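Novice: Pasting a structure below so you can have a look.
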Amino acid sequence: MMISSDIYLDCILSFAHEAGGIALDLISKSDPGLKKDHSIITLADKAISKLARERLKSFLQSPGHILIDEEEQAIVQYMDQGLLDKTPFIWALDPIDGTRLYANRMPLFGISLGLIKDLKPWLGVVYFPMLRELFYCDGTDAYFVQDAFGPNATKTRIVPLDEELSARSIFFCNDSFFNKFYWIDKDFNIMINACAVVNLCWPAIGRGVGSFLKCHLWDFAGCWPIIRRAGFALRRVSDGKVLDKLEVDLFNREPLWNMKEYYLISSERNFQQILSKIGRRSPLML
């Protein structure tokens with residue numbers, strides 16, 4: 001039986017609201033620790049991961065659904081293209097993106113849940129609890145909500161943006177950018193937020209002109225359908241190819257579900273111009 005997209009959307013929005021409450025409740029007592037890969041995990045990561053499994057239980061009981069959750073080690077089994085090809089609905093969850101920021105009680109962290117349908121981005125939600133800002137895509141349109149879940153919530157439909165690059169432009173990158181690249185332009189500035197969902201969502205509403213990243217599937221799955229509605233795409237730095245469907249070969253097994261290559265997120269017009277400002281370090285410089 002076909003389930004209405006509204007059912008899925010109501011589920012992910014109510015999940016985001018509840019998960020945001022958990023994050024805020026635990027932020028002053030998050031008890032951060034290190035996982036085997038030396039990334040940070042907090043009590044909120046664990047609690048929100050558990051919440052997602054509870055709220056998605058009715059869907060996940062169906063063989064047509066799987067959940068790729070950052071905090072679930074068994075997800076290595078899903079790195080099988082044959083399996084994914086036969087799975088209509090793939091959920092991808094990042095309980096807390098920007099965990100280092102969260103563990104230090106800083107506001108730029110987000111909760112991200114994406115639903116990939118037939119290997120393509122479909123529904124997604126990213127919620128920033130301390131900012132009370134919500135981004136979501138209902139499968140047709142994407143929206144930005146201020147004072148989210150509050151009595152004075154204001155919702156704005158996200159429309160394609162194509163800001164002309166200038167001295168006021170800001171471009172986001174992750175902290176691994178400088179391992180292999182350097183920035184050439186002194187007037188057109190870059191910013192490092194240490195949070196992938198900030199780097200992806202903010203340009204969708206004109207806060208910045210794009211971003212550069214190499215991250216895990218769950219880092220961008222919730223943002224993926226949102227940025228597409230803003231006229232942005234994930235283009236591979238090496239050849240400009242757009243990431244428009246989920247393919248296992250694009251990701252590493254170690255680190256698990258991490259992109260093999262770097263991607264530049266921008267409008268089509270700005271892609272080459274931004275790329276021209278990125279220099280690649282030679283092996284002698286590394």
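The values are calculated or read from the model by the stated rules, or taken from the named source; none is laboratory data. Source: prediction; values computed, not measured. Here the Cβ is made from the backbone with ideal geometry for all residues, glycine too, and neighbour counts use every protein chain on show. Remember, those area values only see protein heavy atoms, side chains included, never the ligands or the DNA or RNA. Shrake-Rupley method; radii C 1.70, N 1.55, O 1.52, S 1.80 Å.
Novice: Among F89, F59, F128, which is the only one that is within 18 Å of the chain's Cα centre (by Cα), modelled with pLDDT of 95 or more and closer than 27 Å to E247 by Cα? Can you show your working first?
Specialist: Working: F59 fails: within 18 Å of the chain's Cα centre (by Cα); F128 fails: closer than 27 Å to E247 by Cα.
Checking each option against the conditions leaves just F89.
Novice: Restricting attention to the range 220-233, which residues are of a type in the set (G, A, S) and open to solvent by less than 20 Å² (accessible area, probe 1.4 Å)?
Specialist: Selection gives A221, G222, A230, A233.
Novice: Looking at (1) in contact with a helix residue (DSSP H, G or I) (Cβ under 6 Å, 6 or more places away or on another chain); (2) small (G, A, S); (3) more than 21 Å from D219 (Cβ to Cβ), which is the one condition that is false for A47?
Specialist: That leaves (3) as the condition not met.
Novice: Looking at the range 125-227, what strands (runs of 3 or more DSSP E) fall wholly within it and have at least 1 residues that are farther than 30 Å from I75 by Cβ and free of Cβ contacts under 8 Å to residues at least 60 places away in the same chain?
Specialist: 142-146, 154-158, 170-173, 189-192
Novice: Given the residues A23, A92, A19, which is the only one that is over 17 Å from C223 (Cβ atoms) and small (G, A, S)? Even if it seems obvious, please write down each step before you answer.
Specialist: Values: A92 fails: over 17 Å from C223 (Cβ atoms); A19 fails: over 17 Å from C223 (Cβ atoms).
None of the other options fit; the residue is A23.
Novice: Would you say A204 is open to solvent by less than 50 Å² (accessible area, probe 1.4 Å), over 19 Å from A92 (Cα atoms) and out of contact with any Asp or Glu (no Cβ under 7 Å at 6 or more places or on another chain)?
Specialist: yes
Novice: Which condition from (1) open to solvent by less than 90 Å² (accessible area, probe 1.4 Å); (2) at pLDDT 95 or above is the one that S5 breaks?
Specialist: Every condition holds for S5 apart from (2).
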